[in-house]
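Below: the structure, in structure tokens.
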Amino acid sequence: MNVHYELYDGLPVFCKWITVENQSGKPISVNKFKSEVLALYEPESTVDPREKWIYPNITVETDYNFGGMTKENLERSSISWSIDPLYKTQVHYERKTPCLLEVYPKYGPEQEIAVGETFSSYRVWELLHDSWNRERKGLEHRRMMRAIAPWVTENPILMHVRSAKDEAVKKAIDQCVEVGFEKVIMTFGSGFNAEDASNENITRMKKLADYAHSKGITLGGYSLLASRRVSPETDVVMPEGKTPRFGNSPCIESEWGQEYFRKLYNLYEKTGLDNFEHDGSYPGDICISENHPGHKGLEDSQWNQYKTITDFYKWCRAKGIYLNIPDYYFLSGSNKTAMGYRETNWSLPRAQQEIIERQNIYDGTWTKAPSMGWMFVPLVQYHGGGEAATIEPLKEHLPHYGQRLANLFGAGVQACYRGPQLYDAPETKILVKKWVDFYKKYRRILDGDVIHIRRPDGCDYDAILHVEPTNNTKGMLVVYNPLNEAIKRKIKVNLYYTGLKTEAKISQEARAKQTLQIDRDYNAIFEMEIPAKSQTWFTIE
């Protein structure tokens, strides 16, 4: 057995995994393993029993993670904060402080290793923090993710076209070219069927992909895997008392599951499609069936299913296929997951959607860089709500559409613009292109880290600060006014993370530059007037 470590220049991060080489002359099985046992001290003085603990100040990531959009699912899949029986002097009276980090799969893996072959565990990354400050910890975490999964920095502008018919897709592609969008995804309910392996479908999809590529646009589609029933023979068979994570799910290692992935490989290999949105990706369900060809029973079911789906994602990454996956598959090749929102909120009245959108972005960027999370813009009715919730006809709701574009591009966050078209009149096209051009002009700083200034509440201004100290433009302050009246404000903003120390040159909306003094605490005072229901922005050099 070999223990591997990987260290990173300039980061307080190390990666660890184990390999087992079979040199025994006969097949062997790896039933269980622990690839890490790290003893830490307790971060709080707790004598009495308690239900919720503060864990040691370390962020842990593994590439064995499933079942949701956050890294906290690791405790269901691949790590455990355990009691350390050797820690006799801890404060807790019963010595039950969970301060021992153990890394192991909760089931199996139950993998057979043939003679001469090697088994490899999944990898664990451990980030040591230098403070408990939420902003600083978030910056450190995001910096780590960009280093170990650099594809998460890709942040293309994309549209979800509502119909997969040829004329609808070509119209979407043509409109994207006109306003500067970069990707088209044939969305859920569009009629795109990744499981249609017919020559007719393959040929049609290739022609559409070729058309998109001729225009400089990438094209792909949506497929649902889990949270669906297929058949009793195909679906996961759960142990008594357990239910699938999403209510229903096929077993990936059933005959149906294996055929499903053969169809995906075939479709993307033969057509040249280069975007894929995979919904309900494998959520970690176990399966006790002994009749599925891809696993023997319970103990190897989770490991084998996860390997099948992540092998496909890694293949996609190698092919340059962009992956939207609403689960935490970053370390297996996913580019983006949801920023975090409740879908039914997009059926609320438009004015509420505007403020909720900025709240979701503000809250989601504590642990995600802007490029790591998508938002959603329902150009047509979504989950109900009627006319009050719907943007179409776009030309009749330009102030709202413009605010949504300002919210998203001002945050550097891309959304799934779902509908038949991005614009329906010359004035709508001008509006969309204005904000796309703004984002592309300032793309590097807008894709930089978000520093949280004031959370949106609809009662006063809200603001975020983008920072990128290695860029010429080291910061961009974006301030929104949700009120029905103009406001005049002096806002104290801490510029520490821009790298500036004594003064900053600022420009409000590309106008003449001014010089601001930075005090000893790295604060500067920004003065501004913002019209009602509007926003302003400052570049910082």
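Read-outs throughout are calculated quantities, based only on the coordinates presented, and are distinct from any laboratory measurement. Since we're looking at a predicted model, the values are computed, not measured. Counting neighbours? That spans all protein chains shown, and the Cβs are built from the backbone with ideal geometry, glycine included.
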Net charge, residue 284 excluded, C-beta distance under 10 Å - Lys, Arg +1, Asp, Glu -1: +1
Amide proton proximity set for residue 113, modelled H, under 5 Å, gap of 5+: 28, 29, 30
Point-to-point label distance, residue 188-residue 7, nm (Cα→Cβ direction, 7 Å offset): 4.6
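For a distance above 25 Å, tell me the whole-number percent of Cα pairs in the range 164-318 that qualify. Don't skip to the end; give the middle numbers.
Values: 4338 of 11935 pairs.
More than 25 Å apart: 36 percent of the Cα pairs in the range 164-318.
Using DSSP to define loop residues, name the chymotrypsin sites (Phe, Trp or Tyr not before Pro) in the range 105-142 whose beta-carbon has at most 10 other beta-carbon atoms within 10 Å. Provide the component values of the computation, followed by the final result.
On the way: sites: 107, 119, 122, 125, 132; in loops: 107, 122, 132.
Answer by residue number: 132.
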Charge sum, other residues only, whose C-beta stays under 15 Å from residue 234's C-beta, Lys/Arg counted +1 and Asp/Glu -1: -4
Above-threshold pairs, the threshold being 18 Å between Cα atoms, out of 474/501; 171/441; 429/533: 171/441; 429/533
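Write out the trypsin sites (Lys or Arg not before Pro) in the range 62-91 meeting two conditions: DSSP loop, and at most 13 other Cβ atoms within 10 Å of their Cβ.
Working: sites: 71, 76, 88; in loops: 88.
Filter output for the range 62-91: 88.
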Amide H contacts under 5 Å for residue 277, placed H, 5+ residues apart: 221, 222, 223, 324
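Quickly rank 441-449, 237-245 as a protection proxy: mean count of other C-beta atoms within 10 Å, highest first. Intermediate values should be presented prior to the final figure.
Working: 441-449: 19.1, 237-245: 13.2.
The peptides rank, most packed first, as 441-449, 237-245.
Stretch residue 91-residue 47 to full length: gain in nm at 0.36 nm per residue minus the Cα-Cα span?
Numbers: separation 44, 0.36 × 44 = 15.84 nm, distance 0.56 nm.
So the extension gain works out to 15.3 nm.
Restricting to DSSP H runs of at least four residues, report the calculated mean residue ellipticity at 222 nm for the chain, -39500 (n - 2.57) per run over all residues, nearest 500 deg cm²/dmol.
Working: 10 runs with 137 residues, N = 541.
Estimated from H runs of four or more residues: -8000 deg cm²/dmol.
Quick one: net charge around residue 147, please, counting Lys, Arg +1 and Asp, Glu -1 for every other residue with C-beta under 13 Å from its C-beta.
Values: positive: 142, 143, 146; negative: 6, 9, 61, 140.
For residues surrounding residue 147, the net value is -1.
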Whole-Hz couplings from phi, Karplus 6.51/-1.76/1.60, listed for the range 512-523; x for Gly and Pro: 4, 7, 10, 10, 10, 7, 10, 7, 5, 9, 6, 9
Derived scalar couplings ³J(HN,Hα) [the range 428-442; Karplus, 6.51 cos²θ - 1.76 cosθ + 1.60; whole Hz; x for Gly, Pro]: 5, 4, 4, 5, 4, 5, 4, 7, 5, 4, 4, 4, 5, 5, 10
17 Å reach of a label modelled at residue 38, 7 Å along Cα-to-Cβ, counting backbone N of the range 58-76: 58-65, 71-76
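Given a Förster radius of 30 Å and the C-beta distance between residue 352 and residue 452 as r, what FRET efficiency does 1/(1 + (r/R0)^6) yield to the nearest 0.05? Please list the in-between numbers first.
On the way: r = 21 Å, r/R0 = 0.72.
Approximately 0.90, to the nearest 0.05.
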Cβ charges +1 (Lys, Arg) and -1 (Asp, Glu), total dipole of the chain, debye: 1380
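So if we plug the beta-carbon distance of residue 214 and residue 440 into 1/(1 + (r/R0)^6) with R0 = 22 Å, what FRET efficiency do we get, rounded to 0.05?
Values: r = 21 Å, r/R0 = 0.97.
Once the sixth-power term is evaluated, E becomes 0.55.
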Sites matching trypsin sites (Lys or Arg not before Pro) across the range 492-541 that sit in DSSP coil, with at most 14 neighbouring C-beta atoms within 10 Å: 501, 511, 520
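Extension gain residue 290-residue 147, at 0.36 nm per residue separation less the Cα-Cα distance, in nm? Let's see the in-between values first.
On the way: separation 143, 0.36 × 143 = 51.48 nm, distance 4.07 nm.
Full extension of this stretch gives 47.4 nm more.
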Label-point gap, in nm, between residue 279 and residue 174 - each point 7 angstrom along Cα→Cβ: 2.8
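Given a Förster distance of 25 Å, report the FRET efficiency between residue 82 and residue 135 from their Cβ-Cβ distance, rounded to the nearest 0.05.
Calculated transfer efficiency: 0.25.
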Segments 214-220, 31-37 sorted - mean Cβ within 10 Å per residue, highest first: 214-220, 31-37
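Multiplying the sequence separation of residue 381 and residue 342 by 0.36 nm and subtracting their Cα-Cα distance, what value in nm do you get? Please report the intermediate quantities before stating the final value.
Details: separation 39, 0.36 × 39 = 14.04 nm, distance 1.53 nm.
Fully extending the segment from residue 381 to residue 342 adds 12.5 nm.
Could you tell me whether the range 461-530 comes out rounded, prolate or oblate from its Cα gyration tensor? Rule is a ≥ b ≥ c as square roots of the eigenvalues, rounded for a/c under 1.5, then prolate if a/b exceeds b/c, otherwise oblate. Before the final figure, lay out the partial values.
Working: a/c = 1.80, a/b = 1.69, b/c = 1.07.
Prolate shape, in that a/c is at least 1.5 and a/b is the bigger ratio.
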Estimated vicinal HN-Hα couplings, Hz - the range 124-139 in sequence order (Karplus 6.51, -1.76, 1.60; Gly, Pro = x): 10, 10, 10, 10, 9, 8, 9, 6, 9, 4, 4, 5, 5, 4, x, 4
Estimated dipole of the range 124-230 in Debye, rounded to 20 [Cβ of Lys and Arg +1, of Asp and Glu -1, Cα centre]: 220
Selected from 37, 163, 461, residue furthest toward positive end of dipole (the chain; charges at beta carbon): 461
Reciprocal of mean inverse Cα separation for the range 2-148 (Kirkwood radius, Å): 17.1
